[in-house]
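Nothing in this text is a laboratory measurement; each read-out follows from the coordinates by a stated rule. As the structure is a computational prediction, the values presented were derived from the model and not from experiment. As a convention, Cβ positions derive from the backbone with ideal geometry for all residues, glycine included, and neighbour counts pool all protein chains shown.
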Amino acid sequence: MNPVPQPIQLEARGIRKEYPGTVALKDVRVRFEGGKVHALIGRNGAGKSTLVRILAGSTQPTAGQVLLDGEPVELRSPGDAFQRGIATVYQELSLVPGLSVAENILLGRMPRSRGPFIDWTSAADQARAVLATMDVEMDVDVPVGRLGFAQQQTVEIAKAMSFRPSVLMLDEPTSGLARHETRSLFRLVGQLAEQGVAILYISHRLQELWEIADRVTVLRDGDHVATVEMAETTAEEIVHYMFGETVQKERPADLLAGREPVLEVRGLSRGEEFQDVDLTLHRGEILGIAGMLGSGRTELLKAIFGALPFDRGEIRLSETTCRRVSPPDMKDLGLGFAPEDRKQEGLVQTQSIRSNLCLASLDRISNRGFLSRRRERRLIREQVDRLHIKAPDVEEAVSSLSGGNQQKVVVGKWLGTSLQVLLLDEPTRGIDLQAKQQIFQLMWDLSRQGIAILFVSSELEELVEVCHRILVMKQGRIRQEIRPENTTADQLFVQCM
Amino acid sequence: MVWARSSILELVLVALCLVLAFQAEGFFTVGNLLNVLRNVSMQGIIAFGMTMVIISGEIDLSVGSAVAFAGCVTAWLAQWLAALGLSMVMALPLAMCLALLLGMSIGALTGLIRVRFAVPSFITTLAWMTVLTGAAQLITGGFPLTPFPEWYNFFGGGYLFGVPFPALVFLLVFLTTHVLMGYTSFGRSVYAVGGNPEAARLSGIRVGRVKVVVMASVAFLAALAGIMQSAQIMSGSATTARGWELNVIASVIIGGTSLMGGEGKIRGTLMGVIFLGILVNGMTLMNINEYWQHVVRGALILAAVLINRINERSRD
Ligand SMILES: Nc1ncnc2c1ncn2[C@@H]1O[C@H](COP(=O)(O)OP(=O)(O)OP(=O)(O)O)[C@@H](O)[C@H]1O
Ligand SMILES: [Mg+2]
């Protein structure tokens with residue numbers, strides 16, 4: 001490693017950003033140094049992503065300056081930032097699904113052999129080399145669209161890495177990653193910091209910060225609240241900075257799963273993805289599925305909902321046995337499904353928050369096909385209050401919400417339907433601590449109403465905290481059933497490996 | 001945004017009318033304005049259907065040919081049924097219904113091909129465009145068919161309460177589609193399907209059904225326009241309505257609907273249709289040469305799309 005004589009310094013000074021109806025950042029001043037990992041945290045909508053977008057040149061601040069090594073710089077476009085060595089992994093993925101992994105990593109910079117012709121061999125080699133530094137093995141020729149969310153996130157990080165940046169900003173890079181991938185990401189981040197790269201790291205997983213960060217900056221509602229050394233602070237202090245006062249909610253004692261089965265899955269198989277899956281979900285039960293990336297959990301949920309066809313097996317829901325299912329039919333039978341990838345699968349980005357929240361319950365807010373504004377308003381108000389969605393105006397496009405608030409909309413749109421069973425794939429992805437508690441609370445409330453929940457999460461702590469039972473899924477099969485009382489997240493992790 | 005844009009369009013429209021009122025002789029007469037309304041009606045009817053199609057993320061390039069085809073089919077069927085011994089009073093309405101049904105089925109088929117085999121509607125309707133023009137030529141043998149009795153002209157040239165009949169149909173179709181897209185759950189589904197088909201599917205919306213219905217609707221409306229057109233010219237002609245698809249798509253886009261799908265308003269299309277109609281009428285009244293009219297119209301489409309883009313960008 002060549003030592004960097006003077007560590008790079010990126011500073012934001014007096015940054016203010018106004019959006020119609022909101023001030024996302026108010027006079028924020030922070031400094032990021034080379035060789036250090038700076039955590040940036042704050043609740044949903046605090047302004048973290050906005051700050052990152054400004055430093056990445058993809059949004060212009062209303063007021064304020066960005067300084068690189070003490071010199072004011074103009075970041076008019078993402079290109080300006082790249083040229084100065086600032087690379088970014090955004091919260092929402094920005095890959096081209098039809099292009100291969102290698103093409104995505106080297107997008108716009110594909111190596112040429114002679115004249116205009118692309119040198120595919122060296123492109124693949126370069127892409128593989130970047131992935132190797134990250135300790136990831138991946139087929140670089142497959143189209144990115146075929147990869148799962150976490151793998152896509154890995155490609156996104158590799159893309160940023162391939163610029164050999166001197167400042168690397170990661171906006172919730174671990175939100176879709178399971179433990180194993182998180183580990184290798186941390187190793188990589190550590191190496192980069194040693195090489196003098198300044199790292200800006202956003203996450204809602206507080207525990208991670210002590211492993212990875214040197215310093216933490218807390219934003220609250222656009223204000224810079226504090227910057228402290230990780231070594232000198234505690235989780236309580238940080239949480240206090242983030243929220244003011246908080247109440248940690250415990251799992252209520254009165255949560256009992258019923259006896260009658262509401263959803264029964266028998267011998268469900270789909271190609272290589274999962275085989276002979278049996279599971280039974282009882283009334284009011286919260287059943288967790290723990291498993292690594294690629295264990296088939298997402299595919300299983302999608303198949304149950306009818307979004308992916310299965311080869312063998314059957315699903316029994318509300319006294320109906322189905323061998324071929326489709327999402328509308330399953331919805332009519334009382335099934336709901338919140339997918340993991342909110343941008344591609346969960347939301348209609350061009351539409352308002354209101355339209356998105358009603359999307360799954362159109363038949364319930366309409367009368368013989370005609371929408372009832374009154375019922376619609378009531379439904380919206382209920383969901384916004386229940387989930388504490390932070391939105392200046394529900395008529396705004398859903399894409400103007402912060403990531404965590406978008407996630408709440410993905411879950412919220414099912415709450416207005418006549419639910420029996422709710423399938424949740426990573427429902428807490430990108431959600432802050434308090435909002436996560438709200439989602440848990442919501443799951444417990446639903447459970448009390450008799451609604452059963454099938455809950456997939458990469459955060460094993462969550463499963464242990466929330467579920468009645470946990471199934472361990474490995475290489476497409478259910479291997480084990482575990483009671484959360486008898487286990488810890490660490491033990492569960494070992495079972496999943 | 002769409003609202004702000006369509007009010008820009010409305011302002012421009014008012015300004016245009018004022019200019020024309022002073023510049024073009026005979027523009028501000030009841031007769032001329034009704035004339036404008038009649039002229040835009042046929043294409044306007046299709047434009048409302050096209051708006052739904054484009055919002056749902058599809059397109060229909062075959063509407064022009066479908067107009068000609070429907071007119072020819074009506075004429076040919078009427079002739080054939082009459083030859084079988086049916087009186088015109090029976091034969092013609094039957095022929096009209098069959099033409100509508102046939103037109104609608106073709107649209108539904110496009111939708112089904114889109115859903116089942118994932119063939120883009122752009123391709124399928126491009127094929128239909130040629131097929132239908134050819135079929136219309138075949139049916140008519142290259143010469144306009146003229147079996148129509150005098151009273152049939154009412155559907156294209158007649159007046160009801162002093163208003164041209166096609167204009168009444170135009171208003172009716174406007175109201176229906178406006179309500180459908182703005183106030184029904186079906187309309188919401190169309191927007192969702194165009195905005196993000198996968199998210200719509202995973203919300204339990206029957207994406208395939210929505211696509212088939214909108215494609216069938218626009219084809220039905222094209223057939224309806226075809227019948228009225230044949231009634232106006234009192235013949236089934238294979239060469240009528242050439243290039244209508246472009247005018248129709250232009251008025252939809254001028255009205256602020258995004259070709260990317262998921263965004264747009266029926267009301268915007270109404271403005272777009274009337275705007276283009278008045279512009280053409282004004283230019284004709286002012287004796288502007290027809291080639292210039294084409295240039296101006298083309299430039300206008302580009303300007304409208306540019307305004308759309310600039311507005312979208314200023315949102316960030
Ligand atoms: N394009 C936009 N238009 C309007 N408002 C916006 C836009 N982008 C962000 N905002 C608003 O700015 C505020 C800050 O959003 P930001 O995305 O920076 O939050 P965040 O801290 O990254 O939250 P999360 O943890 O949920 O990702 C939010 O209130 C959000 O609604
Ligand atoms: Mg964010």
Q | Fewest-first ranking of A:Asp432, B:Asp60, A:Asp254, using other Cβ atoms within 10 Å as the exposure measure | A | A:Asp254, A:Asp432, B:Asp60
Q: Take the Cα coordinates of the protein assembly as shown, assign each an equal point scatterer, and use the Debye formula without solvent to give log10 I(q)/I(0) at q = 0.06, 0.10 Å⁻¹.
A: -0.48, -1.12
Q | Rg over Rh, two decimals, the stretch B:169-316 (C-alpha only, Kirkwood Rh) | A | 1.01
Q. Relative to a virtual label point 7 Å from the Cα of B:Cys97 in the Cα→beta-carbon direction, which members of the stretch B:225-243 show backbone nitrogen distances below 20 Å?
A. B:225-228, B:231
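Can you give the FRET efficiency to the nearest 0.05 for A:Glu481 and A:Arg381, using r as the Cβ-Cβ distance and R₀ = 35 Å? Let's see the in-between values first.
Numbers: r = 40 Å, r/R0 = 1.14.
Working from the Cβ atoms, E equals 0.30.
Filter the GluC sites (Glu not before Pro) in the stretch A:326-419 down to the DSSP loop ones having no more than 15 other Cβ atoms within 10 Å, then list what survives.
Numbers: sites: A:Glu340, A:Glu345, A:Glu376, A:Glu382, A:Glu395, A:Glu396; in loops: A:Glu340, A:Glu395, A:Glu396.
When the GluC sites (Glu not before Pro) of the stretch A:326-419 are filtered for loop state and at most 15 Cβ neighbours within 10 Å, A:Glu395 remain.
What ratio of Cα Rg to 2.2 N^0.38 Å holds for the stretch A:182-262?
Numbers: Rg = 18.1 Å, N = 81, 2.2 N^0.38 = 11.7 Å.
Taking N as the residue count of the stretch A:182-262, the ratio is 1.55.
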Q. Based on DSSP H runs of at least 4 residues, each adding -39500 (n - 2.57), what is the mean residue ellipticity at 222 nm of chain A after dividing by all its residues, to the nearest 500 deg cm²/dmol?
A. -9000 deg cm²/dmol
Q | Over chain B: helical MRE at 222 nm, DSSP H runs n ≥ 4 each giving -39500 (n - 2.57), nearest 500 | A | -26000 deg cm²/dmol
Q.
Looking only at the stretch A:261-496, where both bridge partners belong to it, what percent of the DSSP beta bridges are antiparallel (to the nearest 5)?
A. 55 percent
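Can you sort B:Val67, A:Val411, B:Val163 so the residue with the fewest Cβ neighbours within 10 Å comes first? Don't jump to the answer; show the numbers that get you there.
Numbers: B:Val67 32, A:Val411 22, B:Val163 15.
By the 10 Å Cβ count, ascending, the order reads B:Val163, A:Val411, B:Val67.
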Q. What is the spin-label model distance, in nm, from B:Ala303 to B:Tyr291 if the labels are put 7 Å beyond Cα along the C-beta direction?
A. 2.2 nm
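I'd like the mean, over residues of A:369-375, of how many other protein chain beta carbons sit within 10 Å of each residue's own Cβ. Don't skip to the answer; put the middle values down first.
Values: counts 6, 7, 7, 1, 1, 0, 0.
The shielding value for this peptide is 3.
Too long at a 25 Å Cα-Cα cut-off: which of A:Lys302/A:Lys436; A:Lys17/A:Lys390; A:Lys343/A:Lys413? Mind showing how you got there, number by number?
Working: A:Lys302/A:Lys436 23 Å; A:Lys17/A:Lys390 17 Å; A:Lys343/A:Lys413 15 Å.
Those over the limit do not exist; all pairs fall within it.
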Q. Hey, could you pull the Cα Rg and Dmax for the stretch A:96-246, both in Å?
A. 18.1, 63
**Q.** Anisotropy class of the stretch A:121-208 from Cα gyration tensor, a/c 1.5 cut
**A.** oblate
(Q) With +1 on the Cβ of every Lys and Arg and -1 on the Cβ of every Asp and Glu, and nothing else charged, how large is the dipole of the stretch A:9-243 about its Cα centre, in debye rounded to the nearest 20? (A) 460 debye
Q. To the nearest µm²/s, what D does Stokes-Einstein give for the stretch A:261-496 at 37 °C and 0.692 mPa s, using the Kirkwood radius over alpha carbon pairs as Rh?
A. 182 µm²/s
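I need the helices of chain B that pass two filters: whole DSSP H segments spanning 18 Å or more by Cα along the axis, and mean Kyte-Doolittle score no lower than 0.5.
Working: long enough: B:2-23 (31 Å, 1.85); B:30-55 (35 Å, 1.36); B:63-83 (29 Å, 1.45); B:88-117 (42 Å, 1.82); B:121-140 (27 Å, 1.28); B:165-183 (27 Å, 1.88); B:207-233 (39 Å, 1.53); B:266-285 (28 Å, 1.64); B:290-314 (36 Å, 0.21).
Those that pass (Cα extent of 18 Å or more, hydropathy at least 0.5) are B:2-23, B:30-55, B:63-83, B:88-117, B:121-140, B:165-183, B:207-233, B:266-285.
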**Q.** In degrees, nearest ten, helix A:179-194 long axis to first principal axis of chain A (Cα)
**A.** 10 degrees
Q) When ranked by the protection proxy of mean other Cβ atoms within 10 Å per residue, highest first, what sequence do the peptides B:226-235, A:327-336, A:479-488, A:91-100 form? A) B:226-235, A:327-336, A:91-100, A:479-488
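So what is the relative contact order for chain A, in percent, with contacts set as C-alpha pairs under 8 Å and at least six apart?
Values: 1023 pairs, mean separation 81.4, N = 497.
Worked out over chain A, it gives 16 percent.
Working from the pairwise distances between different alpha carbons, so that the mean of 1/r is found and then inverted, what is chain B's Kirkwood radius in Å? Walk me through the numbers before you get to the answer.
Numbers: mean 1/r = 0.0497 Å⁻¹.
Taking every pair of different Cα atoms in chain B, averaging 1/r and inverting gives 20.1 Å.
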Q. Taking the Cα centre of each part, how many Å lie between the stretch B:147-186 and the stretch A:65-128?
A. 55 Å
Q.
Give me the one-decimal nm value for the distance between modelled label points at B:Val179 and B:Phe28, 7 Å along each residue's Cα-to-Cβ direction.
A. 3.5 nm
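Label the stretch A:311-372 by shape, choosing from rounded, prolate and oblate, from the square roots a ≥ b ≥ c of the eigenvalues of the Cα gyration tensor; if a/c is under 1.5 it is rounded, and otherwise prolate applies when a/b is larger than b/c, oblate when it is not. Intermediate values should be presented prior to the final figure.
Values: a/c = 3.33, a/b = 1.44, b/c = 2.31.
Oblate is the answer for the stretch A:311-372, as a/c is 1.5 or above yet b/c matches or exceeds a/b.
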Q) So in the protein assembly as shown, what percent of DSSP beta bridges are antiparallel if you round to the nearest 5? A) 60 percent
(Q) On C-alpha positions alone, give me the angle between the axis of helix A:149-161 and the longest principal axis of chain A, in degrees, nearest 10. (A) 0 degrees
